[in-house]
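The next block holds one structure in the form of structure tokens; read it before the comments.
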Ligand code: ADP
């Protein structure tokens, strides 16, 4: 490390004998340190709560509160445990020193304290403490920067959402020809504008969800929900995609499936994301299936399967990372941001469930997730009602 650590420190010397305190005080001051004295552990703890110290030189045998008790209190206090302690004891007291090391003391010195050894041990402890302090400060700075970044992204996505939604609305009006007729070339251009703005609206939505999740500010309203209507809304949202790619979409949900405890809007978001991925990453004319079942442990499991491109084994571990997209997804031309699955996983977990997948490249993928039922004890083994739809996706 090129920058030299500044080693002038504030050191607390704890010893019941005045002569010992004075010897250490003199030696430490000669080394350029500031010294504060305490007669026993209790006084030391009081001082430690009033001001900052870089190092504690601790005697073991003292009245009121001895070295062992002092160490126990220090090391169980979050605000003090990082301050290094050098135990100063008699040469014939090895057992006590060993006990102090077990209790968390950083190092030890024998009385009478030898000047060169004192200097070396104090310096070594202070260097370690300063490095630790710098790491803590760097971590705090990184956390603050991350928080600021989150706030910025959230503000930008919020501010951009309205104008972009406006552009999407106007392009819809143009396309519907409610403003006037368009020739083919104009329609094609406006359609491109509308599709790109829709992509931007969804990207901004994902970004604001992601920052809210990262900062812990996303609020979920957990209520009893039937799975069926949530699936119906999700199917409606992906209807155009399924129709455009001529996929067959079938839904199979037992009629007496217990209600789940979930945030209705977020449940639809999870289902829409998984169905939309299944549609996007499956070649035209593929088969998409959504099934649900009750698990014994008071959970329901929902599975979305496709006959699509699959996820290569080498990247499966990264699939829930924010912004991650497989090469196939990027070259396949399907729009996407790589944020959907990361958000989906966090939403499932926040609602007390889990999400996982199995995939075989070239054969297909199944994403499954669980959610708790309203009453964990409720049993349901209903007959499956299968609703198959081709392209239309109606339930
Ligand atoms: P996006 O779809 O916007 O790229 P996601 O986070 O939803 O983002 O998905 C991340 C990546 O995971 C996708 O880009 C794709 O590479 C892969 N993926 C997701 N679902 C599937 C699926 N059903 N089949 C194959 N690959 C998938």
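Considering 233, 248, 215, 157, which residue is closer than 25 Å to residue 290 by Cβ and touching a residue at least 40 places away in the same chain (Cβ under 8 Å)? Please lay out each step first, then the result.
Numbers: 233 fails: touching a residue at least 40 places away in the same chain (Cβ under 8 Å); 215 fails: closer than 25 Å to residue 290 by Cβ; 157 fails: closer than 25 Å to residue 290 by Cβ.
Just a single option satisfies the conditions, and that option is 248.
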Quiz item: Identify, please: which residue in the stretch 155-213 is in a loop (DSSP other than H, G, I, E, B) and in contact with a helix residue (DSSP H, G or I) (Cβ under 8 Å, 6 or more places away or on another chain) and is, among those, farthest from residue 334 (Cα to Cα)?
Solution: 179
Self-check item: Where residue 329 falls short, out of the listed (1) modelled with pLDDT of 95 or more; (2) within 11 Å of the ligand (Cβ to nearest atom)
Solution: (1)
Quiz item: Among the residues of the stretch 188-201, is any exposed (fewer than 12 other Cβ atoms within 10 Å of the Cβ), over 25 Å from the mean Cα position of the chain (by Cα) and more than 16 Å from residue 269 (Cα to Cα)?
Solution: yes
Quiz item: Since residue 336 meets every condition but one in (1) under 28 Å from residue 243 (Cβ atoms); (2) in contact (Cβ under 8 Å) with a residue 40 or more places away in the chain; (3) more than 9 Å from the ligand (Cβ to nearest atom); (4) under 26 Å from the mean Cα position of the chain (by Cα), which condition does it not meet?
Solution: (3)
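I'd like the full set of residues that are surrounded by 16 or more Cβ atoms within 10 Å (Cβ to Cβ) and over 30 Å from residue 146 (Cβ atoms), limited to the stretch 202-225. Before the answer, list the steps.
Kept after step one, since they are surrounded by 16 or more Cβ atoms within 10 Å (Cβ to Cβ), are these residues of the stretch 202-225: 202-214, 218, 222, 225.
The answer is 225, and nothing else.
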Exercise. Identify, from the list 122, 73, 136, 86, the residue that is modelled with pLDDT of 90 or more, surrounded by 14 or more Cβ atoms within 10 Å (Cβ to Cβ) and over 18 Å from residue 27 (Cβ atoms).
Key: 73
Self-check item: Residue check, residue 319 surrounded by 15 or more Cβ atoms within 10 Å (Cβ to Cβ), within 8 Å of the ligand (Cβ to nearest atom) and free of Cβ contacts under 8 Å to residues at least 40 places away in the same chain
Solution: yes
Quiz item: Is there any pair with a first residue in the stretch 356-374 that is under 14 Å from residue 257 (Cβ atoms) and in contact (Cβ under 8 Å) with a residue 60 or more places away in the chain and a second that is assigned to a strand (DSSP E or B) and within 12 Å of the ligand (Cβ to nearest atom) whose Cβ atoms are under 9 Å apart and which are 6 or more apart or on different chains, and what are they?
Solution: 370/355
Quiz item: Which of the residues that make up the stretch 98-108 are touching a residue at least 24 places away in the same chain (Cβ under 8 Å) and surrounded by 17 or more Cβ atoms within 10 Å (Cβ to Cβ)?
Solution: 100, 103, 105
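Quick check on the stretch 265-307: of everything there that is in a strand (DSSP E or B) and within 11 Å of the ligand (Cβ to nearest atom), which residue is nearest to the chain's Cα centre (by Cα)? First the steps, then the outcome.
Applying the first criterion (in a strand (DSSP E or B)) to the stretch 265-307 yields 287-295, 299-306.
Filter once more, keeping what is within 11 Å of the ligand (Cβ to nearest atom): 288, 304-306.
Working: 288: 31, 304: 25, 305: 27, 306: 29 Å.
The qualifying residue nearest to the chain's Cα centre (by Cα) is 304.
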Self-check item: Any hit, the stretch 372-386, residues being assigned to a strand (DSSP E or B) and modelled with pLDDT of 85 or more
Solution: yes
Quiz item: Any chance the stretch 67-85 includes a residue that's in a loop (DSSP other than H, G, I, E, B), closer than 24 Å to residue 127 by Cα and touching a residue at least 60 places away in the same chain (Cβ under 8 Å)?
Solution: no
Quiz item: Out of (1) at pLDDT 90 or above; (2) over 26 Å from residue 280 (Cβ atoms); (3) surrounded by 16 or more Cβ atoms within 10 Å (Cβ to Cβ), the odd one out for residue 266 is which?
Solution: (2)
Quiz item: Here are some residues: 347, 341. Which one is closer than 21 Å to residue 262 by Cα, crowded, with 19+ Cβ neighbours inside 10 Å and within 8 Å of the ligand (Cβ to nearest atom)?
Solution: 341
Quiz item: Can you find even one residue in the stretch 295-303 that is out of contact with any strand residue (DSSP E or B) (no Cβ under 7 Å at 6 or more places or on another chain) and over 23 Å from residue 226 (Cα atoms)?
Solution: no
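Yes or no, residue by residue, for (1) under 23 Å from residue 130 (Cβ atoms); (2) in a helix (DSSP H, G or I); (3) within 42 Å of the chain's Cα centre (by Cα); (4) modelled with pLDDT under 95:
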site	(1), (2), (3), (4)
16	no, no, no, yes
20	no, yes, no, yes
42	no, yes, yes, yes
63	no, no, no, yes
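The values are calculated or read from the model by the stated rules, or taken from the named source; none is laboratory data. What you see is a predicted model; the values in this text were computed from it and never measured. As a convention, Cβ positions derive from the backbone with ideal geometry for all residues, glycine included, and neighbour counts pool all protein chains shown.
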